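Right, one structure below, let's go through it.
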């Protein structure tokens, strides 16, 4: 696996939701929203109240049969499938992959082109933890530990560092000077 950051503001995404515990789908949609996704279609039949509320106008109240789904996925870059049994999801995965979309079938590694790491988000500071799908419980445990060590105050700390870095760059600081000054500021503030 290659850890990368994608600008989801520029991508078309689909979330396909089965009839399982829709809590996973609601959390996945909230994650996409927090990341700034601007184009997300949510396909669900008989969506529960929480999913209806979270999806809003993005909700499409059906899941097309796989043979009809290819047209709807033609311009989709990433497809998440949540709360769906493997037997029901497998044909949708095949259609999405044929459409050249990257696919993630929740908690089913063989069907995944990518995994979503556990995340601690503090403004623009994003700390991620991955076990490559081997132990999501361990990733959640480490996430909890990191969350305790990096409180919400880190969002503003990062903004302070970014503002300082911009000023230093404008004053002509080299990359190595930027690194040294950043570390000095962190030490002066006692942040780490």
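Yes/no matrix, rows are residues, columns are (1) closer than 17 Å to residue 13 by Cβ; (2) in contact (Cβ under 8 Å) with a residue 60 or more places away in the chain:
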position: 61; (1), (2): no, no
position: 68; (1), (2): no, no
position: 73; (1), (2): yes, no
position: 80; (1), (2): yes, yes
position: 101; (1), (2): yes, yes
position: 110; (1), (2): no, no
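Does residue 167 qualify as being over 17 Å from residue 3 (Cβ atoms), at pLDDT below 95 and surrounded by fewer than 17 Cβ atoms within 10 Å (Cβ to Cβ)? First the steps, then the outcome.
Numbers: over 17 Å from residue 3 (Cβ atoms): yes; at pLDDT below 95: no; surrounded by fewer than 17 Cβ atoms within 10 Å (Cβ to Cβ): yes.
The answer is no for residue 167.
Test each condition in (1) surrounded by 13 or more Cβ atoms within 10 Å (Cβ to Cβ); (2) at pLDDT 95 or above for residue 131 and report the one that comes out false.
That leaves (2) as the condition not met.
In this structure, does residue 138 turn out to be under 18 Å from residue 27 (Cβ atoms) and surrounded by fewer than 17 Cβ atoms within 10 Å (Cβ to Cβ)? Can you show your working first?
On the way: under 18 Å from residue 27 (Cβ atoms): no; surrounded by fewer than 17 Cβ atoms within 10 Å (Cβ to Cβ): yes.
So residue 138 does not fit the description; no.
Quick one: residue 155 ticks every box in (1) outside any helix (DSSP H, G or I); (2) at pLDDT 95 or above except a single one, so which number is it?
Exception for residue 155: condition (1).
When you go through (1) within 28 Å of residue 120 (Cα to Cα); (2) in contact (Cβ under 8 Å) with a residue 24 or more places away in the chain; (3) surrounded by 15 or more Cβ atoms within 10 Å (Cβ to Cβ) one by one for residue 36, which number turns out not to apply?
Answer for residue 36: the failing condition is (3).
The values are calculated or read from the model by the stated rules, or taken from the named source; none is laboratory data. Predicted model only: the values in this text are computed from it and were never measured. All Cβ positions, glycine included, derive from the backbone under ideal geometry; neighbour counts span all protein chains shown.
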